[in-house]
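Got a structure for you, written out below as structure tokens; questions coming shortly.
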Amino acid sequence: MKEYLTDLLQGLPPGLLVKVAVISAIAFVGTLVVIPFVLVRLPENYFDVRVPRTWMEGHHPALRIVSRAFKNIAGIVFLLAGISMLVLPGQGVLTILIGLSLVDFPGKQRLEARIIGHPRVLGTVNALREKFGKPPFIIERNHEV
């Protein structure tokens, strides 16, 4: 096994591991800043499946389409980063949750409620919100997923 890893590392271009380490460190620090920023600013009923969501209601249709496209692209970036952080340093589950909240797909709100409703995730997120003087998230416990 050791010989296999040695051969694998020697086959990589010089400096690639350093680049990957730098990108990983930047992503880790970035998530430490962005995730709390987003989670603290969400309304407490954001994950309540009983509350309908609207995106930029009352704005010009062209602006809504462009902003929705950018929102979905950002969501995909967060999802991919979160999935990679499951094996790399970072807050993988929370980053995936942020990505899911940005991407539009059927059943999204129920899936988010199921993820955020997990006791460890909800406890962590609500503790963060409490530090910033925000109320805890409202989660409908009897949602169908």
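Return the pairs, sorted by first residue and then second, in which the second residue is of a type in the set (Asp, Glu) and in a helix (DSSP H, G or I), the first residue lies in region 93-115 and is over 19 Å from ARG68 (Cβ atoms) and modelled with pLDDT under 85, the beta carbons are less than 9 Å apart, and the residues are 6+ apart or on different chains.
Taking only residues 6 or more apart or on different chains, the pairs are LEU97/GLU112.
Name the residue, out of ALA81, ALA113, that is farther than 30 Å from VAL20 by Cα and either aliphatic (A, V, I, L, M) or in a helix (DSSP H, G or I) (or both).
Going through ALA81, ALA113 in turn, just one is farther than 30 Å from VAL20 by Cα and either aliphatic (A, V, I, L, M) or in a helix (DSSP H, G or I) (or both): ALA113.
Could you tell me which of the residues ARG120, ARG129 is of a type in the set (D, E, K, R) and either crowded, with 17+ Cβ neighbours inside 10 Å or touching a strand residue (DSSP E or B) at 6+ places or on another chain (Cβ under 8 Å) (or both)?
One residue alone meets the criteria, ARG129.
Can you confirm whether region 85-93 contains a residue that is loosely packed, with under 11 Cβ neighbours inside 10 Å and part of a loop (DSSP other than H, G, I, E, B)?
Our first condition is that a residue be loosely packed, with under 11 Cβ neighbours inside 10 Å; within region 85-93, this holds for 87.
Filter again for part of a loop (DSSP other than H, G, I, E, B), leaving 87.
Checked against the condition, which is being loosely packed, with under 11 Cβ neighbours inside 10 Å and part of a loop (DSSP other than H, G, I, E, B), region 85-93 yields at least one hit.
When you look at ALA62, is it over 24 Å from LEU79 (Cα atoms) and small (Gly, Ala, Ser), yes or no? Spell out the reasoning first.
Details: over 24 Å from LEU79 (Cα atoms): yes; small (Gly, Ala, Ser): yes.
Answer is yes for this residue.
Here is a yes/no grid of residues against (1) surrounded by 12 or more Cβ atoms within 10 Å (Cβ to Cβ); (2) assigned to a helix (DSSP H, G or I); (3) touching a helix residue (DSSP H, G or I) at 6+ places or on another chain (Cβ under 7 Å); (4) not polar (S, T, N, Q):
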residue: TYR4; (1), (2), (3), (4): no, yes, no, yes
residue: ASP7; (1), (2), (3), (4): no, yes, no, yes
residue: LEU12; (1), (2), (3), (4): no, no, no, yes
residue: SER24; (1), (2), (3), (4): yes, yes, no, no
residue: VAL34; (1), (2), (3), (4): yes, yes, no, yes
residue: VAL40; (1), (2), (3), (4): yes, yes, yes, yes
residue: TYR46; (1), (2), (3), (4): yes, no, no, yes
residue: VAL49; (1), (2), (3), (4): yes, no, yes, yes
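Please list, ordered by first then second residue, the pairs with beta carbon atoms under 9 Å, 6 or more apart or interchain, first in region 49-65 and farther than 17 Å from SER101 by Cβ, second among the small types (Gly, Ala, Ser) and assigned to a helix (DSSP H, G or I).
From residues that are farther than 17 Å from SER101 by Cβ, the pairs are HIS59/SER67.
Answer yes if at least one residue in region 53-61 is at pLDDT 80 or above, part of a loop (DSSP other than H, G, I, E, B), among the aliphatic types (A, V, I, L, M) and closer than 30 Å to ASN126 by Cβ, and no otherwise.
no
The values are calculated or read from the model by the stated rules, or taken from the named source; none is laboratory data. Just so it is clear, the model here is predicted, and its values are computed rather than measured. For neighbour counting, all protein chains shown are included, and Cβ atoms are generated from backbone atoms with ideal geometry for every residue, glycine included.
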